[in-house]
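One structure is given here, and the rest of the page talks about it.
Values quoted throughout were computed directly from the atomic coordinates according to the rules given, and no laboratory measurement underlies them. What you see is a predicted model; the values in this text were computed from it and never measured. Cβ placement follows ideal geometry from the backbone for every residue including glycine, while neighbour counts extend to all protein chains displayed.
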Amino acid sequence: MRKLFSEQNVEKVRKSVSRRIILLGLGKMTLIGILAWRMRKLQIEDSEKYRLQAEENRINMRLIPPERGLILDTRGKELAVNIGNYKLVITREETSNPKETLVKLSKLIDLDDKEIEKILSNISKISPFVPITIAEHLSWESFSKVVLNLPALPGISPEMGLTRYYKKPTSIAHVVGYVGPVSKKDLEKFDNPDPVLQIPKFQIGKTGVERELEETLRGKASLSKVEVNATGRIIRETERISGFSGATLQLTLDNELQEYAYQRLSGLCASSVLMEVNSGKIMSLSSVPTFDPNQFVLGISQKYWDSLLNNKLRPLSNKAISGAYPPASTLKMAVALSALETGILSKNDTFECPGHFDLGDQRFHCWKKKGGHGKMDLKQAIAQSCDVYFWEVARKVGIERIGNTAKNLGLGTKFDLPLSSITQGLMPTKSWKKKKFDQPWRVGDTLNAAVGQGFTLASPLQLAVMTSRIASGKAIEPQLIKSIDGINKIQKEFADLNYNKSSLEIIRKGMFSSVNNAKGTAYKSRIMDEETTMAGKTGTSQVRRISMIERETGVLKNEDLPWEKRDHAIFVAYAPFKNPKYAVSIIIEHGGSGAQAAAPIGRDILLNAFYYNRKSIS
Amino acid sequence: MFIFKNANEGNISFIRKLLFFHWPLAILILATGAFGILMLYSVAGGSMLPWAEPQLIRFIVGFGAMIIIGFIHIDFWRSLTIPAYIGSILLLIAVMFYGEGAGAQRWIDLKVIRLQPSEIMKVTLIMALALYYSLVPINRKSSPLWLIPPLALIFLPTFLVFSQPDLGTSLLILISGFAVMFLAGVNIWYFIVGAFAGAGLVSAVFLSRNTSWQFLTDYQMGRIDVYLNPSLDPLGAGYHITQSKIALGSGGLSGRGFMQGTQSQLDFLPEKHTDFIFTTLAEEFGYFGSLGLLIIYALMVIFCLLSAAKNQYKFGALLTSGLAVMFFLYFFINMAMVMGLAPVVGVPLPLISWGGSAMLVLLGSFGLIQSAHVHQPKG
């Protein structure tokens, strides 16, 4: 072998090899240089970017849901609260035999075989340290039973969450509203949804105050930053950013008055509003039939939901603010006021009511058919609710002026309250009719409007506001919120309506007469107590057309008609007359005569308010 | 470097061998090995087990073997070349029938030790080519007829390894073989033409995609896709590279600190004790660490190349430079892969990655380099 070596031409060999070696060496150094350059790029130039991504890898954020704000009534009584949601979770890595644990558990709480199977299959699919909810919203009894037996149930841990609970569910259902599990539709409403809304089954306000003041009630979630490894296991908490619980909301509602109204209206399809005349605070706002908001909190059952939807009486609707009805005779005050203010009418003017009013070849019938009311002045016309008087007035005043006055009194206006589906009602105008029906306004329309029929629509809330405005002479606005987190909402100063004192005087006297004069339509419902005398106005709102034939044969009475064809019964009032404190409005759908059906209830609601306040003062 | 007279006449004394030994290289090897143990300690979460301790034992054994091999005369190794080559081929064939390994048949479990024949093959191929070109007359080395044997020597193992399948190692064998041919002085035009042909082959491979001719498996094609665009599959094949770059980059200038690499410590980095151990090093020691290691490796390569340049014994020179190329390819491809410059092909970082087979073979190769260096003709 060695001789082979010595045969080679050593020099040449050496040269050729070394040249190639140098070449190769240079090539390698170049490549090494590229490596060094790349290292530099990653570790120095782009270092920040990668640091950030490294952080993102290892830091997870966990949200801790905030405690929802309470809703109280004006006296501090709890209406909507949060109660403990007792949960049980199981974690696979804490037990060697999850099936055995679950079987043992099924002896203590309701857990059937199918559910056990489902849980076992779920925990086998996920990481062993992730807990799975077995059951939640357990009763305290079941929960405590399990907790006592924990040592024998390896893998089970008790947890407590919070869930919403309504204490007086049915009477406040429409005002307070309800919460329910957040849905996709809910999320679409937000531009930038708060991450807390992604917690599954997070309870978000769906209707009523719960929804309209959701942000105030929700608070802010606490954020916990935890370090996780690649399998998602939490190593430690690195940071916690505290949130805060939702604000406590105190409403102007008085729960006692609310309960009373609800009971007084039960069995009917009706709604009522009771307001403080001078402050605009709503003391009670009721709508029947109603529903149980607690059923919605966890997600409503299909059966219950269907029964609510299919109920002809529309229990889900808050008729006090969403119901739009023809106000009937309760509009007459607005007509009178507009005529007085423009000087077209003076308080002593009289008209003759023969029981009907002719417009061209159209005959309008006053409700008192036989002979009519005879000669009437304004006070009497209001008290006895004579239609003919007001047709005479309306024809002279015109719809535009009537409409303006009505709007000043609060009709045709949408109020700013934290409630859902507030109706604006309707005070028609000439341009409105042209736009909607492409037809010109006719005098007949004015006449219909004057007695609160035709196109006019109002809600009980608007009627209550109107009554307050008449009683006080100021532009009262309804208020629902008393305080937020203990800080009282500043009482608004309401502007004067700037109507002539004498105009308002005569109208008020007319309303007083309506209740306390023997000929007044609401006489049967008067309050005997001198100190709390009531002034009001009845209304009977027609829902059907009365045909000529019927006129001739005799107009059918409400009792003889099917329920849907009966008139709505309406009543508005304020008391005491001398120094008005409360105003009430009530509309009973298809209740028949306002005087017979609505007035007694309105009186009772007012009386109850006085009684209750007297009681609480003493 | 060491000019003594007629060192290869008869046996050189032991003392002389000690003096001729390339100590700087040995020290660098030692340093690298120590670094490796340190990193394995870190990625195990601060424990000598399960990697650092076994690796340390293997390293000590391997280092000792390197010295022994270095002291044995280079001609003894030369005489083993042909049986060694044939033996490796046989082992490669054997592994096809008896082999085991994840997704590929690469190992033979001999209970005492696990052999990866493809590692041994790399060395024996270089030995065989070095022998061939030390015998071939100079004026003939570029003639086509004389090119057939070396090409055959190269392609046989390449093909065997490729069908394991182990694309990465087969390419390494191919490139190492060609490197020796280049070093031997084969006409440079062959390489230029060869490079074009290679490019053509690569395009053909890509064009063959989705046809019945498809040359690479879907898995390998996928690997290349993801290499070109790691974000295609950030949680799958692209995950390794994305995570590696994040960990590496987050090391910054001076690193996160020993044992403080969050990505490795928190398991975000897969294969952190094997292919991606460099990433952990870069994360914990920053640019200083990664560049430092690169410089150490570069020095080792330079030392080997210088030794080869000075070595007048052709077999020794070719062997040394060929093994230096192999060593270079190891760390170059691993680092490039880890930094996203090359597709993930599963090449370990020499002397640092966990794995006995590769390290022992590598230390053995350094032993051969030492032997060639010590026993080079003087004068």
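Within the shell defined by Cβ-Cβ distances under 15 Å, the residues around A:Pro440 carry a net charge of +3, with Lys and Arg each +1 and Asp and Glu each -1. Only lysines eight or more places from A:Lys436 in sequence, or on another chain, were considered; those with a Cα closer than 30 Å are A:Lys312, A:Lys319, A:Lys332, A:Lys396, A:Lys407, A:Lys414, A:Lys565. Listed by Cβ neighbour count within 10 Å, with the fewest neighbours leading, A:Ile235, A:Ile172, A:Ile527 appear as A:Ile235, A:Ile527, A:Ile172. Going from the fewest other Cβ atoms within 10 Å to the most, the residues A:Asp358, A:Asp387 appear in the order A:Asp358, A:Asp387. Treating r as the C-beta distance of A:Asn488 and A:Glu215 and R0 as 22 Å, the FRET efficiency rounds to 0.65. Remark: A:Leu23, B:Leu291, B:Leu360 ranked as A:Leu23, B:Leu291, B:Leu360, counting other beta-carbon atoms within 10 Å and listing the fewest first. The modelled label-to-label distance between A:Leu52 and A:Glu115, using points 7 Å beyond Cα along the C-beta direction, is 4.7 nm. Hey, with R₀ at 30 Å, roughly what FRET efficiency would A:Arg614 and A:Asp349 work out to, going by the Cβ-Cβ distance, to 0.05? The formula returns an efficiency of 0.15 here. Restricting the trypsin sites (Lys or Arg not before Pro) of segment A:210-299 to loop positions (DSSP other than H, G, I, E, B) with no more than 10 neighbouring Cβ atoms within 10 Å leaves nothing.
Rounded to the nearest 500, the helix-only mean residue ellipticity at 222 nm of chain A stands at -11000 deg cm²/dmol, with each DSSP H run of n ≥ 4 adding -39,500 (n - 2.57).
Each residue, A:Leu187 and A:Thr30, gets one label point 7 Å from its Cα in the Cβ direction; the gap between the two is 5.5 nm. For segment A:316-382, applying the loop criterion from DSSP together with a ceiling of 12 other beta carbons within 10 Å to the trypsin sites (Lys or Arg not before Pro) yields A:Lys369, A:Lys370.
A straight Cα-to-Cα reach below 25 Å connects A:Lys99 with the lysines A:Lys87, A:Lys107, A:Lys114, A:Lys118, A:Lys125, A:Lys145, residues fewer than 8 places away in its own chain not being considered. Size descriptors for the protein assembly as shown (Cα atoms only): Rg and Dmax, in that order, 48.4, 154 Å. Counting 0.36 nm for each residue step from A:Arg240 to A:Lys125 and taking away their Cα separation leaves a gain of 38.4 nm. Spatially, segment B:144-211 and segment A:317-332 are offset by 93 Å when compared through their Cα centroids. For segment A:150-240, the Cα gyration tensor yields ellipsoid semi-axes of 32, 21, 12 Å (square root of five times each eigenvalue, largest first, whole Å).
Counting alpha carbon pairs within less than 8 Å and at least 6 residues apart, what relative contact order, in whole percent, applies to chain A? Worked out over chain A, it gives 13 percent. Please compute, over every Cα-Cα pair in segment A:224-335, the percentage with a separation greater than 22 angstrom. Pairs farther apart than 22 Å: 59 percent. Checking every one of the trypsin sites (Lys or Arg not before Pro) in segment A:514-560 against DSSP loop status and a limit of 15 other Cβ atoms within 10 Å picks out A:Lys519, A:Arg544, A:Arg545, A:Lys557.
Distance between the modelled labels on B:Ser203 and B:Ile82, one decimal in nanometres: 4.3 nm (7 Å Cα→Cβ projection).
A straight Cα-to-Cα reach below 23 Å connects B:Lys314 with the lysines A:Lys3, A:Lys12, A:Lys15, A:Lys28, B:Lys5, B:Lys17, B:Lys122, B:Lys141, B:Lys378, residues fewer than 8 places away in its own chain not being considered. Considering segment A:62-251, its Cα convex hull presents a mean projected area of 13.2 nm². For chain A, the longest principal axis of the alpha carbon atoms and the long axis of helix A:399-408 meet at an angle near 60°. Seen from A:Pro418, the other residues with C-beta closer than 10 Å to its C-beta sum to a net charge of -3, counting Lys and Arg as +1 and Asp and Glu as -1.
When you work out D = kT/(6 pi eta Rh) for segment A:314-458 at 20 °C and 1.002 mPa s, using the Kirkwood radius from C-alpha pairs as Rh and the Stokes-Einstein form, the result is 134 µm²/s.
Taking 0.36 nm per residue of sequence separation and removing the Cα-Cα distance, the B:Ser47/B:Leu147 pair yields an extension gain of 30.8 nm.
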